[in-house]
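Written out below as structure tokens is the structure these notes cover.
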Amino acid sequence: MLEAIDANPRGLPQDDVKMIMYQLFSACAFIHKQNFIHWDIKPENLLLSTHGVLKLCDFGFARSLSKNKDAYYTDYVSTWWYWSPELLVGDAAYDASVDIWSLGCIFTEIYNGMPLFPGESDLDTLSLIMDVLGP
């Protein structure tokens, strides 16, 4: 995916964005239905074939979701740019929505060619999010 983004600094063609996002939403829906979260969805973890087939990879941070609403998880993920706000503030009680946040960030990046919240730290990323969405 990174090569496709680099090759299209103004964003990928609209039909490609639709095809990629459909496959990404389908992959995410499948793992969520199995009661797992990927937890580290980012362009580096998306493989795109020359025929447009997308593969979600690197499940090293994947976690099984607890049925317990009070379950707590670790808050470490390797790339701030795709973190949801609850991860950025260190909240350990999160759910599959952290993956959905990442999908939105990726959608924006492949659509316009620029990362949505390219922070230099977790606090910088949170500040960028608040600049766009408010406190």
Subject >> Residue that is surrounded by the most Cβ atoms within 10 Å (Cβ to Cβ), among those in the stretch 7-59 that are in a loop (DSSP other than H, G, I, E, B) and within 15 Å of the chain's Cα centre (by Cα) >> reply: Ile41
Original post:
Within the stretch 45-58, which residues are in contact with a helix residue (DSSP H, G or I) (Cβ under 6 Å, 6 or more places away or on another chain) and under 14 Å from Ala4 (Cα atoms)?
Top reply: Leu48, Gly52, Leu54
Original post:
Looking at the stretch 97-135, which of the residues that are within 16 Å of the chain's Cα centre (by Cα) and not in a helix (DSSP H, G or I) is surrounded by the most Cβ atoms within 10 Å (Cβ to Cβ)?
Top reply: Phe117
Subject >> Top-ranked residue of the stretch 93-125 - restricted to ones that are without any contact (Cβ under 8 Å) to a residue 24 or more places away in the chain and of a type in the set (Ser, Thr, Tyr), ranked as farthest from Ile31 (Cα to Cα) >> reply: Thr108
Original post:
Just checking, how many residues over the stretch 32-73 are modelled with pLDDT under 95, under 20 Å from Met19 (Cβ atoms) and among the β-branched types (Val, Ile, Thr)?
Top reply: 2
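The values are calculated or read from the model by the stated rules, or taken from the named source; none is laboratory data. Just so you know, these numbers come straight off a predicted model, no measurement behind them. All Cβ positions, glycine included, derive from the backbone under ideal geometry; neighbour counts span all protein chains shown.
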